[in-house]
1. Given the structure, is B:Thr101 touching a residue at least 24 places away in the same chain (Cβ under 8 Å), in a helix (DSSP H, G or I), at the interface with chain A (Cβ under 9 Å from one of its Cβ atoms) and within 26 Å of A:Leu193 (Cβ to Cβ)?
2. Checking the structure you have, find out if any residue of region B:26-49 is assigned to a loop (DSSP other than H, G, I, E, B), of a type in the set (A, V, I, L, M) and surrounded by fewer than 17 Cβ atoms within 10 Å (Cβ to Cβ).
3. Being within 13 Å of chain A (Cβ to nearest Cβ), more than 21 Å from C:Gly117 (Cβ to Cβ) and surrounded by 24 or more Cβ atoms within 10 Å (Cβ to Cβ), is that true of even one residue in region C:214-223?
4. Can you find, within region B:104-125, the residue that is surrounded by the most Cβ atoms within 10 Å (Cβ to Cβ) among those that are more than 7 Å from every other protein chain (Cβ to nearest Cβ) and β-branched (Val, Ile, Thr)?
5. Please state which one of A:Gly307, A:Gly283 is without any contact (Cβ under 8 Å) to a residue 60 or more places away in the chain, in contact with a Gly (Cβ under 6 Å, 6 or more places away or on another chain) and part of a helix (DSSP H, G or I).
6. Scan region C:75-91 residue by residue and report those that are more than 10 Å from chain A (Cβ to nearest Cβ) and either in contact with a Cys (Cβ under 6 Å, 6 or more places away or on another chain) or more than 16 Å from C:Leu25 (Cα to Cα) (or both).
7. With (1) surrounded by fewer than 21 Cβ atoms within 10 Å (Cβ to Cβ); (2) touching a His at 6+ places or on another chain (Cβ under 9 Å) as the list, and B:Leu97 as the residue in question, which single condition is left unmet?
8. Having 3 or more residues that are in contact (Cβ under 8 Å) with a residue 12 or more places away in the chain, in contact with a Gly (Cβ under 7 Å, 6 or more places away or on another chain) and under 23 Å from A:Tyr87 (Cβ atoms) is the bar; report the helices (runs of 4 or more DSSP H) wholly within region A:151-260 that clear it.
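The values are calculated or read from the model by the stated rules, or taken from the named source; none is laboratory data. All figures in this text were calculated on a predicted structure; none of them were measured in a lab. Positions of Cβ are generated from backbone atoms using ideal geometry, with glycine treated the same way; all protein chains shown enter the neighbour counts.
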Amino acid sequence: MRGVAAERLTPSVMPHWQALRRRERWRPAEIAFWLGLAAVFFVFPKHLVFASQVLITGLFAMSLDLILGYAGIVTLGHAAFFGLGAYSAGLLAKYGVHEPLAGLLAAAATAGLGGYLSSFLVLRGGDLARLMITLGIGLLLFELANQATALTGGVDGLQGVEIGPIFGLFHFDFLGKVAYLYVLAVSFTLFVLVRALMMSPYGLSLRGIRDNPRRAVAIGVPIRARLTNIYTFAAMIAGVAGALLAQTTQFVALDVLSFQRSADLLIIVIIGGTATLYGGFIGAALFLIAQDRLANLSPEYWLFWLGILLIITTLFLDAGVMGGLLRIETLVRRRFGIR
Amino acid sequence: MSAVLQTRDLCKSFGGLMVTHNVNLQLQAGARHALIGPNGAGKTTLINQLAGVLAPSSGSIWLDGDEITELPAHERVQRGLARTFQINTLFAHLSPLEAVTNVIIERQRRELSVLQRRFFPLTHRRIELDEAHELLSRLNLAQDCMRATRELPYGKQRLLEMALALACRPKVLLLDEPAAGVPEAESEELFSVLGELPADISVLLIEHDMALVFRFAERITVLVDGAELLSGTPEQIAEDPRVREVYLGKRRG
Amino acid sequence: MLSLLGVLFDGLAYGALLFLISVGLSVTLGLMGFINLSHGVFAMLGGYLLVTLMQYAGLSFVACLPLAFVASALLSLALERALYRPLYRSSHLKQVLLTVGIIFVAIACATYFWGPGQQRVALPDALRGQISAAGVDLSWYRLFLVAAGAIITLALVFGLERTRFGARVRASVDAHRTAEAMGIHVDRVFQITFAIGSGLAGLGGALGVNVLGLDPYFALKYLAYFLLVVVVGGPGSIMGTLLAALLLGIADTTAKYYVPEVGPFVIYLAMVVLLLAFPHGLLGRGKAL
């Protein structure tokens, strides 16, 4: 087995290696982002419940970005994993295990299993078949949960989700303070994990698959195995996001499995910008804030403008908010000669 | 001397149309073997079957004495079979350096640990990056190695197409019209690359450019309507009246 | 209590409606490969137009039907030109997002103009009541639906198989580029086909107000059904769509009647299973999905 290479690079490679290294390093903007999220705890103490929602949705969106932006898999049923995670964590807590981290593990396992099993259906065939199958699976699970009222509470939702203190130490408070820090910690951890994954050779091979599957096959990439892998992993993260929602609201609503949630998530990822990892968080923030303001006026009003936004985005705007930001960043760098 | 790559009675039909007709191809070790024939003769279809992208209707394919007919395409690469495409099939958004490194790491993947493959950044793979850069330099692509592939001029893309295949360190190299679309001015570069291929690689080359074929090939097989018309040395092929007829004589209805 | 035959017949009528609405989607998907999730919006337009004209213009049920057809056809031409056409070569994701956006806008507009409730239509006297045949009570209305479905199927098949235009459509579905190379204006063919298909959807929506229901969320509620019919029947195949629609209609009605607790569950399960078993669709032409 090869160890981490300590050999020196030939001099001619160095500048290119450095360019690649620069892309891998944490940028100031990224650090500012996470510090900013931490600061929210102090700056917006009355809005922490909402902030938690944004983070959870952002995490969920990031999981979709993994398969949509990095692997090119279009799915209309990603909420299935969110729901699986939410119900797993909820049921675990309801039936005696109150430690939140156990709930997260259960959620990841259940959603991951769901992802693994469904990947055999989802990764076959072309885009249309995939849309249909993911739509079908999502609707199926929704109906299942709807009918299995004894287990899930059906339309009324799962109640009696009691969450104990984290590690037995940190009790959840009514203001959502501990909840926010909990969600932030989990999100950050998962984010770091995913970021490392995408910067690794594995991430590179995924980008290759997305770019040109024929070429990827021709260089020996086992496409099916790798896509199954990332799909399962994304499902696990979506499950954890669902679990976080269940735990912080102490309730699981049926709509965690709804088509609307899957569709909204697609929109969020597109608005934010795919394949950037941050797009999901930015999109979630924009979407939820806008929804909060506009949907209160009237739901139809919200739906109307959302539809218009979608139409305009697909026709004119390509890379979402992150794409726009990145372009601005490139312009600024050129202008000021920063490398 | 047994062949490194061979087919036995390979047949392929699409519905009623037979496009590969009992082909018994033998590629010797270290060969420089060209496959020529008029358009529609089924040359690319044959390559696709050899590469594992297309399943034959009947017959078998053997690599190094092992039957690979049922083996999936990506595993054939691991066994030492690499190919290029007639139309550039590249990773448009990756830089050449990343693309070639991708190939090398894939080739080496059994030697790397899970952490190295999945959690340590790409730049930790210095050996592979070095090898990639060195290969690109040999093909005169070093100065463009960090640009996005889609920004490269066509001739350089064609070279990159070759580089990706070479990075697999194949035993057998299948080249599908490497000179396709390459302007006169840049074809010399391609010729020299082909000339400098390691002697132990066995090369099967599809080409229409006869100058390239006769300069490069030690053995030529003529394929017409999916079947082998004849095989022989370049001199034999050049003199054979049937070949002239196929290329010049017959009027197609 | 409806007998089994009665339930089957109801399912047939339901299937006929699904066919009417979905056939346009099938042909356009087969022709252009454009994933149009908003196809149900044309059905909605037909339905709402019918309701409005009957209520405010006092037109009869039958008189409104052709108007529904024409209005939907016209709307589709406008949408095709403005919104769909720029995305023919785009990724499927973009097409999905665009058409989902159109659905959202349609839901919002429908709610704004007609309110969130279910619409109902007063059927003309001629279509009320029932007829007894083979020991079963068949409603005139549903008979009418089945008959309409049959007539339109015949017209479509005739049009496809016997007319020059039909030949062009078939050629374009089978081999897009070759058809273009042969001088067929595939774009023009597509526009006309699209208009006809959307018009039929409008007609289906108008006919089906009392059977399928009509509320602002119609396009979304039935999305899975339309897609299922098209995909299982095979994009581009009229007979395949018919077969799939009838099967789905009968299966859904039978399930709803005999095992109402299970309901939509069966359909979605069927969707997944059928897709896996028939990657080309039941009678589909063209490549696998």
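1. Spelling it out, B:Thr101 is indeed touching a residue at least 24 places away in the same chain (Cβ under 8 Å), in a helix (DSSP H, G or I), at the interface with chain A (Cβ under 9 Å from one of its Cβ atoms) and within 26 Å of A:Leu193 (Cβ to Cβ).
2. yes
3. No, every residue in region C:214-223 fails to be within 13 Å of chain A (Cβ to nearest Cβ), more than 21 Å from C:Gly117 (Cβ to Cβ) and surrounded by 24 or more Cβ atoms within 10 Å (Cβ to Cβ).
4. B:Ile104
5. Only one candidate qualifies: A:Gly307.
6. Result: C:Ala78, C:Arg81, C:Arg89.
7. The one condition B:Leu97 does not meet is (1).
8. Details: elements: A:177-199, A:201-211, A:213-218, A:223-249.
Output list reads A:223-249.
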